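Novice: Shown below is the structure under consideration.
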Amino acid sequence: MAASFLEGTGVSKSFGGLRVLNEVGFRVAEGEIVALIGPNGAGKTTLFNLISGLVRPSAGAIRVGDRRVDTMPAHRVARLGVARTFQTPRPFLDLTALENVRMAALFGERAAPAGPAALLALVELEGQGGVRARHLPGPQRKLLELAMALAQGPRLVLLDEILAGLTPPEVGRATAILRRIRDEHGIGLFWIEHVMQAVMAAAERVIVLDHGEVIAEGAPRAVVRDARVLEAYLGRSTARSH
């Protein structure tokens, strides 16, 4: 087993009296594709917010390499090699696609895997470099934000439902892009996703959250047959009938 690049132990988060995450443990090796799945409200995006420095955990520790990051601000976490995309893309709307990628490159400490134009080509936005972000449709904004994340020269990218809203052909193309990012550039992906077809095609390992707790972890085909996972997604009675 390769050494972990990102690791969390006993990570918990409460908002007021509501506990959203309860002693969550996870690890992602450099160059690994790990999917984080679970029903809506399971705490997946909250976990990403904790990792990326937007929110601090109530308990537990998060490490990037040998550095503990759970008390660091977001810009310092990014400079350690962790980039991020969001469920709702957040490019600079009045900048062109190419200008957005160039702007993102200012926030990384490592060299990007390719130049801005090449990164747009990697995410299949070649020819869109001169288009202002506000004029790109939603799926293309998601891909632009991925190119912006890559421009930071990350060792790991946190992807938050990057396939949401895509058609089946678009899902297939986007999944192929994710595999190329890892295979050609060695960049790891920690990936929140509901499109199980894509998870099965690209993820090497799956972590399942339900009600803020890890209920299963392992190879995709084993995890999707796990009784606890079926119960979380399908309901208690339906899961027992399988």
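The values are calculated or read from the model by the stated rules, or taken from the named source; none is laboratory data. Just so it is clear, the structure is predicted and the values come from calculations on it, not from any experiment. Virtual Cβ from ideal backbone geometry, glycine too; neighbours counted across all protein chains shown.
Novice: Could you give every pair whose Cβ atoms fall below 9 Å, whose first residue belongs to segment 74-94 and is free of Cβ contacts under 8 Å to residues at least 24 places away in the same chain, and whose second residue is crowded, with 18+ Cβ neighbours inside 10 Å and in a helix (DSSP H, G or I), counting only separations of at least 6 or pairs across chains?
Specialist: 88/141
Novice: What's the total number of residues in segment 90-103 that are closer than 23 Å to residue 175 by Cα and either among the hydroxyl-bearing types (Ser, Thr, Tyr) or modelled with pLDDT under 95 (or both)? It would help to see each step written out before you state the result.
Specialist: First, pick out the residues of segment 90-103 that are closer than 23 Å to residue 175 by Cα: 90-91, 97-98, 100-101.
Right, trim to either among the hydroxyl-bearing types (Ser, Thr, Tyr) or modelled with pLDDT under 95 (or both) and you get 90.
Looking only at that region, the number is 1.
Novice: Kindly provide the set of residues from segment 88-125 that are surrounded by fewer than 16 Cβ atoms within 10 Å (Cβ to Cβ) and closer than 24 Å to residue 194 by Cα, ordered by number.
Specialist: Those that are surrounded by fewer than 16 Cβ atoms within 10 Å (Cβ to Cβ) and closer than 24 Å to residue 194 by Cα: 88, 90.
Novice: Another one. What are the residues in segment 148-194 that are of a type in the set (Gly, Ala, Ser) and in contact with a Ser or Thr (Cβ under 9 Å, 6 or more places away or on another chain), if any?
Specialist: Within segment 148-194, 149 is the sole residue that qualifies.
Novice: Sticking with this structure for a sec: Going by the structure shown, is residue 145 surrounded by 18 or more Cβ atoms within 10 Å (Cβ to Cβ), among the charged types (D, E, K, R) and part of a helix (DSSP H, G or I)?
Specialist: In short, yes.
Novice: Continuing with the same structure: If I ask for residues that are outside any loop (DSSP other than H, G, I, E, B), farther than 30 Å from residue 56 by Cα and small (Gly, Ala, Ser), which ones from segment 80-123 would you list?
Specialist: 97, 117, 118, 121
Novice: What is the number of the single condition among (1) within 19 Å of residue 31 (Cβ to Cβ); (2) under 14 Å from the mean Cα position of the chain (by Cα) that residue 185 does not meet?
Specialist: Every listed condition holds for residue 185 apart from (2).
Novice: Separate question: Is there a residue being without any contact (Cβ under 8 Å) to a residue 24 or more places away in the chain and closer than 29 Å to residue 36 by Cα anywhere in segment 126-135? Working first, answer last.
Specialist: Filtering segment 126-135 down to residues without any contact (Cβ under 8 Å) to a residue 24 or more places away in the chain leaves 126-127, 135.
Now drop any that are not closer than 29 Å to residue 36 by Cα, which leaves none.
Looking for residues that are without any contact (Cβ under 8 Å) to a residue 24 or more places away in the chain and closer than 29 Å to residue 36 by Cα, one finds none in segment 126-135, hence no.
Novice: Also, I was wondering about something else. Looking at segment 154-213 only, could you name the residues that are among the small types (Gly, Ala, Ser), within 15 Å of residue 139 (Cβ to Cβ) and either in contact with a Lys or Arg (Cβ under 6 Å, 6 or more places away or on another chain) or surrounded by fewer than 17 Cβ atoms within 10 Å (Cβ to Cβ) (or both)? Don't jump to the end; show me each part of the working.
Specialist: Applying the first criterion (among the small types (Gly, Ala, Ser)) to segment 154-213 yields 164-165, 172, 174, 176, 186, 188, 198, 201-203, 212.
Subset that is within 15 Å of residue 139 (Cβ to Cβ): 164-165, 172, 174, 176, 198.
Listed by number, the residues that qualify are 164, 165, 172, 176.
Novice: What helices (runs of 4 or more DSSP H), lying completely within segment 154-242, carry at least 1 residues that are more than 30 Å from residue 109 (Cα to Cα), acidic (Asp, Glu) and at pLDDT below 95?
Specialist: 168-185, 227-234
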